[in-house]
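Everything on this sheet refers to the single structure shown next.
The values are calculated or read from the model by the stated rules, or taken from the named source; none is laboratory data. Here the structure is a predicted model, which is why all the values come from computation and not from measurement. Virtual Cβ from ideal backbone geometry, glycine too; neighbours counted across all protein chains shown. The protein model used for the area step is the full one, side chains on, heavy atoms only, and it has no ligands, DNA or RNA in it. Shrake-Rupley method; radii C 1.70, N 1.55, O 1.52, S 1.80 Å.
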Amino acid sequence: MYLSVLGERNGDEWLKQQRSFCKQVGLMRGKVHKKRKAAVQSAMNEIEDRLSNEFVDSEIKYSLVDDHPTLYVDYTFIKFPLGFIRQKKKFGSCEYLGGLIRAHLNK
C-alpha cells in the first residue's frame, strides 16, 4: 500500500526497483530465520541431552514446537512464550529447566 503511494510520487521504475529490493530482503530474511532456528535447536538438543542424563527415569524432550520452546516431561508439555528464547538465564539454563522438571516430578 505505502509503496504504491510512493510509486505514484517517484515513478514506475523506482517502484519496480523497490519491489525487487523488498523481495531480495524477504529471501535473505528467510535464510537468516532458518539458520537461527537451526542454531536454537542445536542448543536445545545439547540441553536436552544434559537433562536426560540428570533425569534418567524420565522422558525429556526440549525442542521447538510451532516455533515455541517446549519442554516435554513424562507426558506433560510445558510450552514457553516466543520471547523465552531471549531469556538466556532461563532458556539456556539446565539449572532453571531442571528446577521445573523437579517441581513437576514432585507433584
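Might you let me know whether region 30-52 holds any residue that is under 30 Å from Asn106 (Cα atoms), in contact (Cβ under 8 Å) with a residue 12 or more places away in the chain, of a type outside the set (S, T, N, Q) and not in a helix (DSSP H, G or I)?
no
Being open to solvent by less than 100 Å² (accessible area, probe 1.4 Å), within 13 Å of the chain's Cα centre (by Cα) and charged (D, E, K, R) is true for just one of Asp67, Asp49. Which residue is that?
None of the others qualify; the one that does is Asp67.
Pick from region 53-69 the residues that are of a type in the set (D, E, K, R) and outside any helix (DSSP H, G or I): which of them is farthest from Lys79 (Cα to Cα)? Break it down into steps so the answer makes sense when it comes.
So in region 53-69, the residues of a type in the set (D, E, K, R) come out as 54, 57, 59, 61, 66-67.
Retained after the next criterion (residues that are outside any helix (DSSP H, G or I)): 57, 59, 61, 66-67.
Details: Asp57: 22, Glu59: 16, Lys61: 12, Asp66: 10, Asp67: 10 Å.
Per the criteria, the residue is Asp57.
Any idea which of Lys89, Lys61, Lys79 is more than 11 Å from the chain's Cα centre (by Cα), surrounded by fewer than 10 Cβ atoms within 10 Å (Cβ to Cβ), farther than 30 Å from Leu3 by Cα and of a type outside the set (Phe, Trp, Tyr)?
Lys89
Within region 92-107, can you find the residues that are assigned to a helix (DSSP H, G or I), open to solvent by 50 Å² or more (accessible area, probe 1.4 Å) and without any contact (Cβ under 8 Å) to a residue 24 or more places away in the chain?
Listed by number, the residues that qualify are Glu95, Tyr96, Arg102, Ala103.
Is it the case that region 21-38 has a residue that's closer than 21 Å to Lys79 by Cα and open to solvent by less than 70 Å² (accessible area, probe 1.4 Å)?
The answer is yes, given that some residue of region 21-38 is closer than 21 Å to Lys79 by Cα and open to solvent by less than 70 Å² (accessible area, probe 1.4 Å).
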